[in-house]
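Participant: Quick one: this structure, given as structure tokens, is what I'll be asking you about.
The values are calculated or read from the model by the stated rules, or taken from the named source; none is laboratory data. Quick caveat: nothing in here was measured; it's all calculated off a predicted structure. Note that each Cβ is placed from the backbone with ideal geometry, even for glycine, and that neighbours are counted across all protein chains shown. Heavy atoms of the whole protein, side chains included, go into the accessibility calculation; ligands, DNA and RNA do not. Shrake-Rupley method; radii C 1.70, N 1.55, O 1.52, S 1.80 Å.
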Amino acid sequence: MSIALVILAAGKGTRMQSDLPKVLHEIAGAPMLVHTMVAGQSLDPERCIIIAGHGADSVRDVVQNHNSDAEFILQTEQLGTGHAVDQARDTLAGFIGNVIVLYGDSPLIQAETLKTLNASLSHSAVTVLGFEAKDPGRYGRLITNDDNLKRIVEFKDASDAEKSMNLCNSGVMAVAAPLLFELLSEIDNENASGEYYLTDIVAKAVAHGAVCKVVRCTESETLGVNSRVDLAQAEYEFQSQRRAEALKNGVTMPAPETVHFSYDTYIGRDAIVEQNVVFGPGVTVESGARIRAFSHLEGAHVSRGCVVGPYARLRPGAELAEDVKIGNFVEIKASLLAEGAKVNHLSYIGDATIGARANIGAGTVTCNYDGVMKHHTSIGEDAFIGSNTMLVAPVSVGQEAMTASGSVIVRDVPAGDLAIGRAKQENKTWLAVKLMKKLRAIKDAKKG
Ligand code: UD1
Ligand code: MG
């Protein structure tokens with residue numbers, strides 16, 4: 001059965017206290033909405049429909065950037081979750097598969113749960129994802145009878161007896177498309193909120209004699225983000241899951257609680273990630289590499305046998321081949337470092353290619369920016385760059401060439417040459433001692 005995702009993302013999110021639409025607030029470097037889309041994509045849906053309202057233009061940009069096939073529908077007035085889903089009626093006319101309704105502000109939903117939910121439609125007309133809440137608060141309550149779901153009652157409309165139940169509605173739901181739109185045309189807004197409740201379709205289906213079911217998940221999985229406190233909580237949950245997953249997959253982390261992952265971080269087996277490492281988006285670390293303490297990586301690829309840090313920064317486009325060594329206070333951006341190259345101390349390497357086994361001395365800087373444009377630096381295999389060399393790009397240093405420390409290199413260095421680009425040293429006999437004597441005399445004269 002083909003699947004259409006309908007993701008609700010029109011709400012304002014007043015309690016976020018933000019100019020940014022709620023669903024674009026990030027968890028682990030990706031907007032919440034993208035997390036939901038990724039989870040939904042695990043069902044291999046034929047359609048992915050986003051219902052947007054507040055901040056629709058920026059929501060559209062993010063959605064289409066992530067998945068150009070996603071469809072976007074504007075809900076100009078937010079009249080309730082039922083009204084929101086109904087916006088997809090025309091787009092899905094003729095679609096006979098299953099619809100999975102998701103919330104753009106529930107980023108922790110798991111692929112496995114969605115699979116179970118969808119599979120349950122083989123013996124249920126409408127299946128709702130529910131959870132036992134520690135504190136059911138203002139969630140809608142699932143009213144069941146034995147194994148069957150009878151109806152959903154919203155907190156505002158619930159009796160005291162119903163409020164005391166703690167099987168709650170996550171909001172996620174599965175139902176065949178034709179039935180969904182048939183049931184939606186039967187609901188009204190005569191309730192405490194004056195809204196069209198999606199949840200009302202359950203009672204309507206039951207009234208037609210259909211069987212409805214609940215699939216259960218953990219409370220943390222359905223965490224809905226309404227405030228910055230919830231956002232921090234969702235981040236915490238996400239990080240805890242990723243750390244546990246990495247440990248399970250064979251990554252060594254002596255202090256996992258200090259390591260921060262992005263939604264797409266990939267770390268191979270037997271890699272070691274030391275304390276206080278931060279992974280921004282787009283990082284892959286291959287098996288056996290070691291990321292030392294206090295390093296920050298983003299958009300970077302680290303191959304087998306590399307050692308990065310402590311205190312290193314890899315920025316987007318840092319591509320390290322096998323056995324590269326990056327040491328403390330080194331920044332690498334948009335640069336390719338071939339096998340065995342070393343940049344061990346206090347350097348900036350940007351827009352460069354560094355040949356295999358080249359050694360970049362402490363304090364070396366690729367001067368890649370002239371104030372208007374960026375330029376490339378190329379360093380050959382087995383080259384030796386002396387400490388504190390300024391490489392004024394565009395410039396190249398050939399294979400096995402050297403630069404003298406303290407040089408400012410403005411012209412290409414041919415293979416095998418030694419380039420010296422600094423003022424010649426002169427030694428003035430005993431001038432240091434004479435100078436000090438003179439200065440002390442001046443100071444004494446002032447005191448007297
Ligand atoms: C909803 C459920 C409730 C459930 C809870 C779980 C209904 C009637 N109630 O309540 O049973 O326990 O979620 O979190 O469905 N949205 C739109 N357009 C609208 C209205 C809402 O896109 O017109 C979106 C919101 O942005 C949000 C989601 O739908 O992402 C849920 O809406 P919200 O107003 O938060 O519903 P709740 O009152 O929390
Ligand atoms: Mg809500």
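Participant: Could you count how many residues in region 268-300 are among the β-branched types (Val, Ile, Thr) and either assigned to a loop (DSSP other than H, G, I, E, B) or open to solvent by 20 Å² or more (accessible area, probe 1.4 Å) (or both)?
Facilitator: Final tally of qualifying residues: 5.
Participant: Taking the condition of being within 25 Å of Asp147 (Cα to Cα) and within 16 Å of ligand 2 (Cβ to nearest atom), how many residues in region 185-219 meet it?
Facilitator: 4
Participant: While we're here: Counting only residues that are more than 15 Å from ligand 2 (Cβ to nearest atom) and among the hydroxyl-bearing types (Ser, Thr, Tyr), how many does region 63-108 have?
Facilitator: 3
Participant: Could you tell me which numbered condition Glu132 fails, if it satisfies all but one of (1) under 20 Å from Ala205 (Cα atoms); (2) open to solvent by 80 Å² or more (accessible area, probe 1.4 Å)?
Facilitator: Of everything listed in (1) under 20 Å from Ala205 (Cα atoms); (2) open to solvent by 80 Å² or more (accessible area, probe 1.4 Å), Glu132 misses just condition (1).
Residue-wise test of (1) within 19 Å of Ala352 (Cβ to Cβ); (2) in a loop (DSSP other than H, G, I, E, B); (3) of a type in the set (Val, Ile, Thr).
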site	(1), (2), (3)
Asp382	yes, yes, no
Ser396	yes, no, no
Gly406	no, yes, no
Gly421	yes, yes, no
Gln425	no, yes, no
Lys428	no, yes, no
Ala432	no, no, no
Arg440	no, no, no
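Participant: Within region 1-26, count every residue that is out of contact with any strand residue (DSSP E or B) (no Cβ under 6 Å at 6 or more places or on another chain) and not in a helix (DSSP H, G or I).
Facilitator: Of the residues in that region, 10 qualify.
Participant: Pick from region 221-253 the residues that are polar (S, T, N, Q) and touching a strand residue (DSSP E or B) at 6+ places or on another chain (Cβ under 9 Å): which of them is farthest from ligand 2 (Cβ to nearest atom)?
Facilitator: Among those that are polar (S, T, N, Q) and touching a strand residue (DSSP E or B) at 6+ places or on another chain (Cβ under 9 Å), it is Thr252.
Participant: Please find, within region 160-187, the residue that is nearest to ligand 1 (Cβ to nearest atom) out of those that are open to solvent by 60 Å² or more (accessible area, probe 1.4 Å) and among the acidic types (Asp, Glu).
Facilitator: Glu186
Participant: Can you give me the number of residues within region 63-76 that are over 16 Å from Tyr103 (Cα atoms) and either surrounded by 22 or more Cβ atoms within 10 Å (Cβ to Cβ) or out of contact with any Phe, Trp or Tyr (no Cβ under 8 Å at 6 or more places or on another chain) (or both)? Working first, answer last.
Facilitator: Initial filter on region 63-76 (over 16 Å from Tyr103 (Cα atoms)): 64-69, 76.
Adding the requirement that they be either surrounded by 22 or more Cβ atoms within 10 Å (Cβ to Cβ) or out of contact with any Phe, Trp or Tyr (no Cβ under 8 Å at 6 or more places or on another chain) (or both) leaves 65-69, 76.
Looking only at that region, the number is 6.
Participant: Report, by residue number, each residue of region 7-33 that is away from ligand 2 (no atom under 16 Å from the Cβ) and either open to solvent by less than 10 Å² (accessible area, probe 1.4 Å) or closer than 15 Å to Gln78 by Cβ (or both).
Facilitator: Passing the criteria: Ile27, Ala28, Ala30.
Participant: Restricting to region 188-225, and then to whatever is in a loop (DSSP other than H, G, I, E, B), in contact with a His (Cβ under 9 Å, 6 or more places away or on another chain) and aliphatic (A, V, I, L, M), can you tell me which residue is surrounded by the most Cβ atoms within 10 Å (Cβ to Cβ)?
Facilitator: Among them, the one singled out is Val225.
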